[in-house]
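Report on the structure given below.
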Amino acid sequence: MDGNGRWAKQRHMPRTVGHAKGSAGVRDLVKACADQGVRYLTLFAFSTENWGRPSDEVSTLMGLFIQYLEKEMKAMQAEGVRLQVLGDISAFPEELQQRIHAAQNATVHNHTITLNVAANYGGRWDIVHAVQQWAQAHPGASAQQLTEQDLAQHLSTAGMPEVDLLIRTGGESRISNFLLWQVAYAELYFCDVLWPDFDVQQLNQAFAWFAGRERRFGAVPAV
Ligand code: IPE
Ligand code: MG
């Protein structure tokens, strides 16, 4: 979800206004995904690198996250949204951690769509953490025994399908430490639209593009 800061700058407003506008649009996008049969949507809300931003911006992002969990709970329940947070949340303020746990528990039986919010998340962190978790679950095991499947089962996305479509807004053509392992065969969609302007119509454009892709997963084209 890139481009909030630039969106605000273009309007001579503080970056935080861009974050607020960007977060306000999320509900409609989640609903549009659910309506179109998307079963898993992962939003990159806060990376392990974002701590390096000015402290007022970091606290605004935390505040927006808390607000989102508070305000959206009713809609998430009504629409069957299961919320999961991917990332090391132990670094977050106590209040936010509690709200995250409460929201995850409250929505655990919803199954229309799973909304993963990646927060204090990094793809490299996810992989290293998975190896550590695997080693902990298999005391005395040699690393030689570790398979791709084992590793996948200890990622934050364990049990979920791999990524089909990755959308990055804001004009950059980078992965920026998002779901590194999970995007191995994803279709990558980079668009110039800044995140606060990325609406359902934009989403549908991305889906239309995705529908035209031929996915071979390393094999030869089907005849
Ligand atoms: C949102 O966009 C990213 C986060 C949610 C942290 P940016 O804040 O990176 O916006 P730009 O790239 O400065 O425009
Ligand atoms: Mg950015």
Condition check: open to solvent by 60 Å² or more (accessible area, probe 1.4 Å), farther than 21 Å from residue 44 by Cα and either touching a residue at least 60 places away in the same chain (Cβ under 8 Å) or not in a strand (DSSP E or B) (or both). Does residue 101 satisfy that?
no
Filtering region 183-218 down to residues that are open to solvent by less than 30 Å² (accessible area, probe 1.4 Å) and over 22 Å from residue 36 (Cα atoms) yields 194
Being among the β-branched types (Val, Ile, Thr), under 30 Å from residue 132 (Cα atoms) and part of a helix (DSSP H, G or I) narrows 58, 17 down to just 58
Might you let me know whether region 69-77 holds any residue that is open to solvent by less than 40 Å² (accessible area, probe 1.4 Å), over 19 Å from residue 177 (Cβ atoms), within 16 Å of ligand 1 (Cβ to nearest atom) and touching a residue at least 12 places away in the same chain (Cβ under 8 Å)?
yes
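To keep it simple, each residue is scored yes or no on (1) over 23 Å from residue 80 (Cβ atoms); (2) away from ligand 2 (no atom under 16 Å from the Cβ).
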site: 3; (1), (2): yes, no
site: 6; (1), (2): yes, no
site: 19; (1), (2): yes, no
site: 22; (1), (2): yes, no
site: 38; (1), (2): no, yes
site: 45; (1), (2): no, no
site: 52; (1), (2): yes, no
Only one of 105, 120, 116, 110 is of a type outside the set (Val, Ile, Thr) and on the phi > 0 side of the Ramachandran plot; which?
120
Would you point out the residue of region 1-14, among those that are open to solvent by 10 Å² or more (accessible area, probe 1.4 Å) and in a loop (DSSP other than H, G, I, E, B), that is farthest from ligand 1 (Cβ to nearest atom)?
12
Of the residues 38, 30, only one is in a helix (DSSP H, G or I), under 22 Å from residue 189 (Cβ atoms), more than 12 Å from ligand 1 (Cβ to nearest atom) and in contact (Cβ under 8 Å) with a residue 24 or more places away in the chain; which?
30
Please go through (1) within 29 Å of residue 8 (Cα to Cα); (2) under 18 Å from the mean Cα position of the chain (by Cα) for residue 192 and return the number of the only condition it doesn't satisfy.
(2)
Hits in region 116-139 - residues which are buried (at least 21 other Cβ atoms within 10 Å of the Cβ) and part of a strand (DSSP E or B):
116, 117, 118, 119, 121
Taking region 33-66 and keeping only residues that are over 16 Å from the mean Cα position of the chain (by Cα) and among the small types (Gly, Ala, Ser), one is left with 37, 52, 55, 59, 63
For region 160-177, what are the residues that are open to solvent by 20 Å² or more (accessible area, probe 1.4 Å), on the phi < 0 side of the Ramachandran plot, touching a helix residue (DSSP H, G or I) at 6+ places or on another chain (Cβ under 6 Å) and within 16 Å of ligand 1 (Cβ to nearest atom)?
167
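The values are calculated or read from the model by the stated rules, or taken from the named source; none is laboratory data. Source: prediction; values computed, not measured. Counting neighbours? That spans all protein chains shown, and the Cβs are built from the backbone with ideal geometry, glycine included. Each accessible area value is taken on the protein alone, full model and side chains, heavy atoms only, with ligands, DNA and RNA left out. Shrake-Rupley method; radii C 1.70, N 1.55, O 1.52, S 1.80 Å.
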